[in-house]
Amino acid sequence: MEAYKLFRQLKDGSLTSLFINKTRRLPFNQWLNAEVFPTKGFALRPYWHCCSKPEAPHLSSKGRTWAKVEIEDFTEFERPTNQGGKWYLAKKIKIKNNGKRN
């Protein structure tokens with residue numbers, strides 16, 4: 001299934017996570033398993049958080065980009081509209097595009 005995920009985009013065009021383990025550059029077109037990285041000040045989040053559309057008004061878009069992802073083994077849940085509406089918690093993602101800003 002296709003979904004969207006917001007990533008931090010570095011000057012060289014590579015993508016990283018927004019908050020947790022954000023020094024790891026994420027490859028395109030490879031399946032990535034969700035992992036747990038305990039981080040002070042953050043709850044444990046053992047899944048990739050993805051949206052049904054490239055919208056999450058509560059998050060800044062500065063230095064970030066939406067990428068289309070393929071997801072597997074996921075749970076769907078509703079968030080408030082100001083947080084993008086329908087979200088998915090996925091155990092696996094594959095980043096499909098090159099992270100160009102929309």
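The values are calculated or read from the model by the stated rules, or taken from the named source; none is laboratory data. All values derive from a computational prediction rather than experimental measurement. With ideal geometry, Cβ positions are generated from the backbone for all residues, glycine too; neighbour counts draw on all protein chains shown.
See the values below:
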| quantity | calculated |
| --- | --- |
| Test: residue in segment 35-43 that is touching a strand residue (DSSP E or B) at 6+ places or on another chain (Cβ under 9 Å) and on the phi < 0 side of the Ramachandran plot | no |
| Residues within segment 7-35 that are within 23 Å of SER52 (Cα to Cα) and either in contact with a Pro (Cβ under 8 Å, 6 or more places away or on another chain) or small (Gly, Ala, Ser) (or both), tallied | 4 |
| Where GLY41 falls short, out of the listed (1) part of a loop (DSSP other than H, G, I, E, B); (2) surrounded by 16 or more Cβ atoms within 10 Å (Cβ to Cβ) | (2) |
| Any hit, segment 78-96, residues being surrounded by 12 or more Cβ atoms within 10 Å (Cβ to Cβ) and in contact with a Pro (Cβ under 6 Å, 6 or more places away or on another chain) | no |
| Segment 44-60 - residue that is small (Gly, Ala, Ser) and surrounded by 13 or more Cβ atoms within 10 Å (Cβ to Cβ) and, of those, modelled with the lowest pLDDT | ALA56 |
| In segment 62-74, the residues that are touching a residue at least 24 places away in the same chain (Cβ under 8 Å) and not basic (Lys, Arg) | GLY63, THR65, TRP66, ALA67, VAL69, GLU70, ILE71, GLU72, PHE74 |
| Those residues of segment 25-35 which are over 14 Å from LYS68 (Cα atoms), touching a residue at least 40 places away in the same chain (Cβ under 8 Å) and outside any strand (DSSP E or B), in sequence order | ALA34 |
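Rundown of residues vs (1) among the β-branched types (Val, Ile, Thr); (2) under 13 Å from the mean Cα position of the chain (by Cα); (3) not in a loop (DSSP other than H, G, I, E, B), yes/no style:
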| site | (1), (2), (3) |
| --- | --- |
| ARG8 | no, yes, yes |
| ASP12 | no, no, no |
| THR23 | yes, no, no |
| PHE37 | no, no, no |
| CYS50 | no, yes, yes |
